[in-house]
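Inspection log for the structure reproduced underneath, given as structure tokens.
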Amino acid sequence: MTSDVQGPTWTNWVGNQSFSPSAMIEVTSEAEIAALVARAAAQGMGVRTFGTGHSFTPIIETAGLLLDTQRLRGVIEIDAARQQATALPKTTVGDFGEPLWEAGLALANQGDIDTQAIAGAIATGTHGSGNHLPSFSATLLGARFVDGLGNLVTVSETENADVLPALQTSIGLLGLMTRMTIKVIPAYNLHARTATLPFGEVIERFAEFAANNRSFSFFWMPSDESAALYCLDNGKRDDCAIRFFNAATPDIPRDNLPANERIDRAYRIYPMQYDPNFHEMEYFLPLEAATDILHEMRKLMFRWLPLSVYPLEIRTVAQDNAWMSPNYGRDNLVVSVSGKPSDDYWGYLRACDALFAEFKGRPHWGKLHFMTADRLDRLFPRYEDFLKMRRRFDPKGTFLNAHTRALFE
Ligand SMILES: Cc1cc2nc3c(=O)[nH]c(=O)nc-3n(C[C@H](O)[C@H](O)[C@H](O)COP(=O)(O)OP(=O)(O)OC[C@H]3O[C@@H](n4cnc5c(N)ncnc54)[C@H](O)[C@@H]3O)c2cc1C
């Protein structure tokens, strides 16, 4: 992500979203944010904020005020007895690692990178993999946020508890979160094992792999060129590069592990490396249909080569109760595809979208999708409740932009 305060022009990490707000302000306190939002709302001006700009969709864009929370970063409270941690919005996922570890705690799961801000990760339902592991949104226990009129709102077990399932995956539409309390778990080491297997074997053993590992995920390669595009070491056409993560038990000898195995603190195991060379779309589909979906995706991607050359990433996520979470009330298979920035990949992504629609696929809020308000109404049972909550906290639509207005007004 780059930003130019003088310009000002804001560009996301991968470079497919760029815009010029009327002003970009580095905020330093809740009181300052509240005053700025109140003034903007009174003037009918839009306000948006960003985490670290790792989303691919135009969810940050505004012609109004862009608030930069980079000075509001850090884990500010750890309650080891209750297994909770409170952090400021720009705290990255990686920032949690050491302070939690020193307190005997850890994040329950992480995604492929750890550079997202916790506010951005929660707002979009960022997830890792694991049949029993929900997304970051589900770990949100409470928060403080500045609503669309500039009021400071507290959400906790005892205050505004009814707001929590809307705030957990809010796409920044209820307000600007200034601190968040999340559920954490006892510290754990992970035993990571990678393997490369042909598609046929992975499909046959999919349910077994997903059920018998804490976290199971893989990249399927439609071509020999695919692996290198995601900085993966191995995998030829029709291979799957698999990652199995399990809690490391003391009986596993740590010395002389084979080259495809590693044991370390969990937060050191999760993150991978990516080059900003892909535009990603990701949908969540019923886990029970996993085998059918994988067969169909393989056929579709072979048909769309070379536009479909990026690996297919497959993960699983446990269901949760957040109203706009793609995992609301449903365990999911998560399917991710990408286009090359220099290609016109839209036909390919639309073909994927059409297939996902057959399986009632729900979108990742930070990744490309083809949703409309009608589709959201059909796909998310609590969509109308979310709209009501959005209007309650942002009656003037201060936090809406063109992209979100079409979906959530
Ligand atoms: C290389 C790469 C790897 C990725 N890996 C994964 C993965 O493994 N799993 C996964 O699920 N996703 C993944 N993503 C997607 C990414 O996690 C999400 O898009 C996430 O939202 C990015 O976090 P961010 O801090 O960059 O948020 P941004 O993209 O900056 O913002 C996302 C949303 O959060 C809102 N927001 C930010 N701060 C606040 C705040 N203080 N209050 C209220 N709303 C706020 C913004 O307004 C916006 O709507 C990946 C993306 C990339 C580029």
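The values are calculated or read from the model by the stated rules, or taken from the named source; none is laboratory data. Being a predicted model, the structure only gives us computed values, none of them experimental. Every residue, glycine as well, gets a Cβ built from its backbone with ideal geometry; the counts of neighbours run over all protein chains shown. What goes into the accessible areas is simple: the full protein's heavy atoms, side chains included, and nothing from ligands, DNA or RNA. Shrake-Rupley method; radii C 1.70, N 1.55, O 1.52, S 1.80 Å.
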(request) With r as the distance between the Cβ atoms of residue 101 and residue 298 and R0 = 41 Å, compute the FRET efficiency 1/(1 + (r/R0)^6) and round to 0.05. (result) 0.55
(request) From the P(r) of the chain, can you give the percent of Cα pairs sitting at distances over 36 Å? (result) 23 percent
(request) Determine how large the accessible area of residue 342 is when every protein chain is in place; take a 1.4 Å probe and give Å² rounded to the nearest 10. (result) 100 Å²
(message) With an 8 Å Cα cut-off and a minimum separation of 6 or more residues, compute the relative contact order for region 1-155 in percent.
(response) 20 percent
(request) Return one number: the angle in degrees, 0 to 90 and rounded to the nearest 10, between the long axis of the Cα atoms of helix 290-303 and the longest principal axis of the Cα atoms of the chain. (result) 90 degrees
(message) If you average the alpha carbon positions of region 57-75 and of region 384-405, how far apart do those two centres end up, in angstrom?
(response) 17 Å
(message) Give the lysines whose C-alpha is closer than 18 Å to that of residue 183, dropping any in the same chain fewer than 8 places away, or say none.
(response) 90
(request) Take every Cα pair under 8 Å in region 75-186 that's 6+ residues apart, average their separations, divide by the length, and report that relative contact order as a whole percent. (result) 32 percent
(message) Between helix 346-358 and the chain, what is the angle of the helix's C-alpha long axis to the longest principal axis, kept within 0 to 90° and rounded to the nearest 10?
(response) 90 degrees
(request) Give the angle, between 0 and 90 degrees and rounded to the nearest 10, that separates the Cα long axis of helix 30-42 from the longest principal axis of the Cα atoms of the chain. (result) 70 degrees
(request) When a/c is below 1.5 the answer is rounded, else prolate if a/b is larger than b/c, else oblate, so apply that to region 113-272 with a ≥ b ≥ c taken from the square roots of the Cα gyration tensor eigenvalues. (result) prolate
(message) Let me make sure I get this right: for region 75-186, a, b and c are the square roots of the gyration tensor eigenvalues over alpha carbons, sorted descending. Under 1.5 in a/c it's rounded, otherwise prolate if a/b > b/c, else oblate. Which is it?
(response) prolate
(request) Give me the percent of the accessible area of the chain that comes from carbon and sulfur atoms, probe 1.4 Å, all protein chains in place. (result) 49 percent
(request) Whole Å is fine, so just give me how far the alpha carbon centre of region 212-229 lies from that of region 344-359. (result) 20 Å
(message) Run lengths n ≥ 4 of DSSP H only: what is the helix-derived mean residue ellipticity at 222 nm for the chain, with -39500 (n - 2.57) per run over all residues, to the nearest 500?
(response) -7000 deg cm²/dmol
(request) Report the net charge of residues surrounding residue 284, where surrounding means a beta-carbon distance below 10 angstrom and charges are Lys +1, Arg +1, Asp -1, Glu -1. (result) +2
(message) If I take R0 = 51 Å and measure r between the Cβ atoms of residue 289 and residue 29 in this structure, what FRET efficiency does the formula 1/(1 + (r/R0)^6) give, to the nearest 0.05?
(response) 0.60
(request) Calculate, in nm to one decimal, what residue 260 and residue 372 gain on full extension: separation in residues at 0.36 nm each, minus their alpha carbon distance. (result) 36.0 nm
(message) What does the charge count around residue 348 come to, taking other residues whose C-beta lies under 13 Å from its C-beta (Lys +1, Arg +1, Asp -1, Glu -1)?
(response) -1
(message) Net charge within 14 Å of residue 372 by Cβ-Cβ distance, Lys/Arg positive one each and Asp/Glu negative one each, not counting residue 372 itself?
(response) +1
(request) Sort 184, 75 from largest to smallest accessible area, using a 1.4 Å probe on the heavy atoms of the protein chains. (result) 75, 184
(message) Based on alpha-carbon centroids, what's the gap between region 144-200 and region 234-299 in Å, whole number please?
(response) 23 Å
(request) Would you mind computing, in nm to one decimal, how far apart the modelled labels at residue 354 and residue 9 are, each placed 7 Å from Cα along Cα→Cβ? (result) 3.7 nm
(request) Can you find, among 161, 302, 216, the residue farthest towards the positive end of the dipole of the chain? Put +1 on the C-beta of Lys and Arg, -1 on that of Asp and Glu. (result) 161
(request) Determine the gain in length on full extension of the stretch residue 252-residue 305; use 0.36 nm per residue of separation and subtract their C-alpha separation, reporting nm with one decimal. (result) 14.8 nm
(request) Could you state the accessible area per residue of the chain in Å², with a 1.4 Å probe and every protein chain left in place? (result) 40 Å²
(request) Report the charge-dipole magnitude of the chain in Debye, nearest 20, computed about the Cα centre from +1 at each Lys and Arg Cβ and -1 at each Asp and Glu Cβ. (result) 580 debye
(message) Below 8 Å, C-alpha to C-alpha, sequence gap of six or more: please give me the relative contact order for the chain in percent.
(response) 18 percent
(message) Shape verdict for region 239-279, please, from the Cα gyration tensor: rounded (a/c under 1.5), prolate (a/b greater than b/c) or oblate.
(response) prolate
(request) Kindly list the residues of region 219-257 that lie in the label zone of residue 340, defined by a backbone N under 12 Å from the point 7 Å along the Cα-to-C-beta vector. (result) 225-226, 229
(message) For a test of understanding, tell me how many lysine pairs in region 269-389 have Cα atoms under 23 Å apart, given they are 8 or more places apart or on different chains.
(response) 4
